[in-house]
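Contents: one structure, followed by commentary.
Only the coordinates and a few stated rules stand behind these numbers; no lab work does. None of these values were measured; they are calculated from a predicted model. Every residue, glycine among them, receives a Cβ derived from its backbone with ideal geometry; neighbour counts consider all protein chains shown.
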Amino acid sequence: MKSKFYSILSSVLLTGAALSADAQTTGSFTDSVSFMGQQRRLSCYVPTTYNPAQPHKLMICLHGLGDNSNNYRNALINSLGIQNTFQNTIFICPDGGSDAIKDFYTPAGDEGIIEEAIHYATNNYNVDTTQIILQGFSLGGRSALRYGLDNPSRFEGLLLNTPAVQGTKEAVTPGTYNYANATGMPIFVTHGALDILYGAPIDSMMEQLILNDAKVVLNRFPSLNHSIPQLSQTPMLPAFFDGVTSTVPQDAAVERVYIPRRSCDAPLNIQALIRNTGIQPLDSVKLSYDLGGTPQTYTWTGTLNSYEHAIVPLPQVTANPGAQTVTVSVVDVDATPDPVTANNSATAPYEYAATSAALPFSEGFEGTNFNSLVYVTAGDAISMFELDNTVAYTGQASLFTFNSILVFDNRDRKEVLYTPVMNLPAATQPELSFDYTYNYHMYTPPYFVDTTVFADTLEVAVSTDCGGSFQTIWRMGGADLATYSAPIMNPLNLNAVAGVPSGPGDWRHVTLPLAAYAGNAEAVVRISYISGLGGWINIDNILVSPTTDVEDVAPAAISVYPNPANDRVIIASQEELLSAAIYDVTGKLVRHLGFGSGKQQEIATADLMNGMYILKLETKKGTFNTKLQIAH
C-alpha cells in the first residue's frame, strides 16, 4: 500500500545574517526574535519598493510538516510569486522550531510565535494592522485555522492552503476549532483533488464554517496534489480579502443534502443546506428536488444576507423503490435566474426499501456492484471499507478496512455495513454467518515507553424497525478478535500495518443465531468496525439464511460417519460435495477442504484434539451444518 503522506514544498535554502530591522531591510532576509527561552527565526520578505510613509499589508505565513521558515518563504516568493499577487504586502514566516514534525501548537504556547511575528513587523515597519492575513500550508494551515478562529479580530482573513485537519473526527468535534467566531470572516481554502487524505476532513471543516456563516470559499484543483496552487489560478484573492468576496450581485448555492440513508417509508423528508454566495441579500430561493422522477419545486422565503445559510426542509416526496440519488438544485433567486450554476446542485444517496428481501441473503464480494449492502463511512480516508482483490476466504475478493496511529486519530469512529431490509419468517431459525481475518498492532520500547496495544473492534447488531434502532448481539476486539497467533509488531509505515493471511487457518467463521428476531419483516443486520487506532480486517461471505441441520433436515441425503470420529470421518452425499469446513466451539476455523467434485469424501481427523466441532458442508443443494465429535 502506498503511503498517503506527501512531500511538502521546498526550494533552495537562502540564509542570511540576522539583519537589524532598524535599517528597514527590503527583499528576502532572515532575522530572529527571543521566544520561549530561545532565538526563533523569522524569514521575511519586504517589497523592494517599500516606502515608510505608506502603510503596508502584512501576511504571516506558517509552513508545513518537516519544513522550515526559510524554505517556505522562498517557495512563496521565488516559486509562487506571492508578492506579485499581494502587492504592498510584507511577508513574515516564523519558524516552527526544533519540533519540525509538529504544528505551531506544540509544545504548549508555541502558537505565540504568530504574535511575535506580528509584533516584529509592526515595531519595525509601517503596517496597517487592520489588514493582516494569516496564511498557512498543511499543518501550518491547520494552525492558522485554529489561531485565526481563536483571534478573529486580529486578522483581516485566513488563507488556508490544504489545511491539514487531522481527520473528520477533529473537524467536527466541538471545542477543537472555535467555529462560532467564523461568522463574517473571509476564509479562502485551496485543496488538490488528488490529495485524497484531506478531502473528507476539509469537506467537514467547510460544512462547519458554512453553518457558522463564514465568508468561506473552497477552490479544489483537479490535478493538484498536496501542494499550493499557482496564484495565477486564484486571481480573485486580493479582492477577496479586501471585502469583495463575491463578483455577482445575487447567487445561491446548495451545499449539502440531508436525508436518511435508507427508509422503509415512501414519504421522504429532505433538507437542503443553502447559502447566499452573492453580494446582495436574498429574499427567496426556488429549489427543485429530483429522485429520478418528476422534479418537485419549493420556494424558500426569508432574508439571507451575503454568506449566511439556511437549512430548508422540503415538502415530503414519494420515493421510487430501490437505490437512487437525490438531487437538490437552485432554480432561481429572487425570481430571476441564478447567474452562477457551478454551485447550484448537491446530491446524496438514498434507498427506499419498499419490500423486504427474502432469505437467504448472501454477499461474497466477487463482483463490483454491492448495492444490496449499504455503506456508511466515518469520512476518514484511512478507514473506508474497500474491495480487496488480493485477499479472500473463498473466490477472489473480500472487503477490507484498516486503522493506524500513523495518520489520524479516528478512535471510536465507525465504518458500517448494513444488510438489506430482510423478512425473517417466524417459522424459520435464521442465522447470520461471515468469515473474517483480523490482526491488531502492538508497539514496544523504544517506540513507546511501555508495551502499547492499538486494537479495533467488530460489532454486530440487529434492527427490527428498518434500522431505526439496533440491539448488539456480538462484539469482539483486540486479541479476542484476532485470527493470528501474534499481533503486528511495531508497524512504522503504512506498508507494515496489514495482516496478510497465509491460508484458511488465518480466517475465522462466525455464526450468530437470529432466532430471537424471527417473525420480523423489517430486519436489518449492522456490522460495525470501530476504531481503536490499530488493525486490519478482511470480511467475506456474509450470509443470512435459515438454519439447516443435516441430522434433522436431510438424514437421507447426507451421511457423516463415524461420529464420534477417531482418525477419519467419511461424508457421503446424494449431491455433489463442494467443500467442507470444521470449526471449534469458539467459531475458529480449524480446517477447510475444497472438493471440486464427488459425492463421497474422507477427512483426516487424527490431528484434531478431542472435543465437539461444527462440520459445515456445502453442496449444490445448499449449506448444511452438523455436530462432529472427535474421540481418540
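Peptides 420-426, 73-79, 570-576, ordered by how many other C-beta atoms sit within 10 Å of their residues on average, highest first, read 73-79, 420-426, 570-576.
For the stretch 379-420, the C-alpha radius of gyration divided by 2.2 N^0.38 Å, with N the number of residues, is 1.34.
For Trp474 and Ala357 in the same chain, what is the full-extension length gain: residue separation times 0.36 nm, less their Cα-Cα distance, in nm? Please list the in-between numbers first.
Numbers: separation 117, 0.36 × 117 = 42.12 nm, distance 2.30 nm.
So the chain would gain 39.8 nm between Trp474 and Ala357.
Applying 0.36 nm per residue to the separation of Thr26 and Gln39 and subtracting their alpha-carbon distance, the gain on full extension is 2.5 nm. For the chain, the relative contact order comes to 9 percent (Cα pairs under 8 Å, sequence separation of at least 6). Residues within the reach of a label modelled at Ala193 (point 7 angstrom out along Cα to beta-carbon, backbone nitrogen below 15 Å), restricted to the stretch 335-377, are 342-343. For the peptides 355-364, 600-609, 36-45, the ranking by packing is 36-45, 355-364, 600-609, with the highest mean count of neighbouring Cβ atoms within 10 Å listed first. Using alpha carbons only, the radius of gyration of the stretch 234-285 set against its Kirkwood radius gives Rg/Rh = 1.21.
Across every direction, the projection of the convex hull enclosing the Cα atoms of the chain has a mean area of 33.2 nm².
Taking all Cα pairs closer than 8 Å and separated by 6 or more residues, the relative contact order of the stretch 21-241 comes to 17 percent.
Set the Förster radius R0 to 60 Å, insert the Cβ-Cβ distance between Ser79 and Asp584 as r into 1/(1 + (r/R0)^6), and round the FRET efficiency to 0.05.
Details: r = 62 Å, r/R0 = 1.04.
Here the calculated transfer efficiency is 0.45.
For the stretch 467-483, the Karplus equation 6.51 cos²θ - 1.76 cosθ + 1.60, evaluated at θ = phi - 60°, returns couplings of x, x, 8, 9, 10, 6, 10, 7, 8, 8, x, x, 5, 5, 7, 4, 9 Hz by residue, with Gly and Pro reported as x. Rg and Dmax of the stretch 151-266, based on Cα coordinates, read 15.6, 51 Å. Whole-percent P(r), the stretch 361-546, all Cα pairs, 5 Å bins from 0: 1, 8, 16, 20, 20, 15, 10, 5, 3, 1, 0, 0. Reported value for the stretch 21-241: 110 Å³ per residue, from the convex hull of its C-alpha atoms.
Separation of the stretch 309-337 from the stretch 366-414 is 31 Å, based on Cα centroids.
Show me 557-563, 112-118 ranked by packing, highest mean number of other Cβ atoms within 10 Å first.
Values: 557-563: 15.7, 112-118: 20.0.
Ranked from most to least packed, the peptides come out as 112-118, 557-563.
Model label points for Asn490 and Asn88, set 7 angstrom from Cα along the Cα-to-Cβ axis, are 5.9 nm apart. Over the stretch 338-464, Cα pairs under 8 Å with separation of 6+ residues give a relative contact order of 23 percent.
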